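Asker: Before I ask anything, let me first share the structure, which is written out below as structure tokens.
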Amino acid sequence: DVRALVGARGEVAIVGKALDKIDLKAAEAQLVSNPYIDAAQVYKEIRGNLVAHVTLAKPIARIVGAEHRYLSDQGEFLPFSKRFSPRVLLVSGAGTAALLQKTNLREESTELVALLKYIYDDPLWRAQIAELCIDGQGEVVLYQQVGKQYIEFGTPTQIDTKFEKLAIFYED
């Protein structure tokens, strides 16, 4: 994919060019224009090789609604990819229509992104919770991977406290 973005077909077209004729900043900009790439660094090695290091965006949730999109750990929307399908938390419900109208959830829905990141970063909750449903008022219900129980989480505030209480419930 990286070669396709900056190779012979890309806007930068580095294949077949002499190393001193390649615009490294333009190659980096071309790579970062892909929504699945968070950061890119392109440089020339002393041996004459051109090296591209990319940092990929991490999908943490899939928002299911009129449109389906992935949400990155940076709170940005990612389009569907034909190359892979990440196994992430589903986000559904009446509240997803309002989410899909926003451009960057990290700035516009910080509490929800914090909740999604909390679940994604914790191995127990990531394995336990399969779906997050948001109603029109922003109330959250969590559906488990196993069993028919569901968790009425409420608004995505006091996340640590709520999950600590939930862990106590599971332990006892």
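Just so you know, all these numbers are worked out from the coordinates, no wet-lab data involved. Worth saying up front: this structure is predicted, and the values here are computed from it rather than measured. Backbone-built Cβ (ideal geometry, glycine too); neighbour counts: all protein chains shown.
Asker: Could you give the nm distance between label points at Asp38 and Gln145, where each point is 7 Å from its Cα heading toward the beta carbon?
Answerer: 2.3 nm
Asker: Report the gain in length on full extension from Arg83 to Leu56: 0.36 nm times residue separation, minus Cα-Cα distance, nm rounded to one decimal. Could the numbers behind the result be given before it?
Answerer: Values: separation 27, 0.36 × 27 = 9.72 nm, distance 1.38 nm.
Length gained between Arg83 and Leu56: 8.3 nm.
Asker: A further question follows. Ranked highest first by average number of other Cβ atoms within 10 Å, how do 104-116, 140-152, 124-136 line up?
Answerer: Numbers: 104-116: 17.9, 140-152: 12.8, 124-136: 16.4.
Going by the mean number of other Cβ atoms within 10 Å, highest first, we get 104-116, 124-136, 140-152.
Asker: At what distance in nm do the modelled label points of Asp135 and Val64 sit from each other, each positioned 7 Å from its Cα along Cα→Cβ?
Answerer: Reported label-point gap for Asp135 and Val64 is 1.9 nm.
Asker: Give, rounded to the nearest 20 debye, the magnitude of the charge dipole that region 76-172 has about its Cα centre when Lys and Arg contribute +1 at Cβ and Asp and Glu contribute -1 at Cβ. All intermediate terms of the calculation are to be shown ahead of the outcome.
Answerer: Details: 10 positive and 14 negative charges, 112 e Å.
That gives region 76-172 a dipole magnitude of about 540 debye.
Asker: Quick one: length gained pulling Arg47 to Thr157 fully straight, 0.36 nm per residue minus the C-alpha distance? Present the calculation step by step, with values, prior to reporting the outcome.
Answerer: Working: separation 110, 0.36 × 110 = 39.60 nm, distance 5.30 nm.
Value of the extension gain: 34.3 nm.
Asker: Here's another thing I want to ask about it. Along the charge dipole of the chain, pointing to its positive end and built from +1/-1 on Cβ of Lys, Arg, Asp and Glu, which listed residue (Ile119, Gln30, Thr96) has its Cα farthest out?
Answerer: Among Ile119, Gln30, Thr96, the one farthest towards the positive end of the dipole of the chain is Gln30.
Asker: Okay, helix-only estimate at 222 nm for the chain: each DSSP H run of n ≥ 4 adds -39500 (n - 2.57), divide by all residues, round to 500 deg cm²/dmol; what do you get? It would help to have the intermediate numbers written out before the result.
Answerer: On the way: 7 runs with 54 residues, N = 172.
Only helices count here, giving -8500 deg cm²/dmol.
Asker: I've got another one for you. Around Phe80, what is the net charge, scoring Lys/Arg as +1 and Asp/Glu as -1 over all other residues with Cβ under 11 Å from its Cβ?
Answerer: Values: positive: Arg62, Arg69, Lys82, Arg83; negative: Glu67.
Around Phe80, the charge tally is +3.
Asker: Then there's this: To the nearest 20 Debye, how big is the dipole of region 1-81 about its Cα centre, given +1 on the beta carbon of each Lys and Arg and -1 on that of each Asp and Glu? It would help to have the intermediate numbers written out before the result.
Answerer: Numbers: 10 positive and 10 negative charges, 50 e Å.
Magnitude of the dipole: close to 240 debye.
Asker: With charges set only on the Cβ (+1 for Lys and Arg, -1 for Asp and Glu), what does the dipole of region 9-154 come to about its Cα centre, in debye to the nearest 20?
Answerer: Numbers: 17 positive and 18 negative charges, 156 e Å.
Dipole magnitude for region 9-154 comes out near 760 debye.
Asker: Under 12 Å from a point placed 7 Å out from the Cα of Lys102 along the Cα-to-Cβ direction: which residues of region 149-172 have their backbone N that close?
Answerer: Answer for this model: 156.
Asker: (1) 10, 38, 34, 15, 3, 0; (2) 9, 34, 35, 16, 4, 1, 0; (3) 9, 32, 25, 17, 12, 5, 0: which one is P(r) over Cα pairs in 10 Å bins from 0, in percent as calculated from this entry?
Answerer: Working out P(r) over Cα pairs in 10 Å bins from 0, in percent from the coordinates points to (3).
Asker: For the chain, return all DSSP H helices satisfying: extent of Cα atoms along own axis at least 27 Å; mean Kyte-Doolittle hydropathy at least 0.5.
Answerer: Numbers: long enough: none.
Span-like helices in the chain: none at all.
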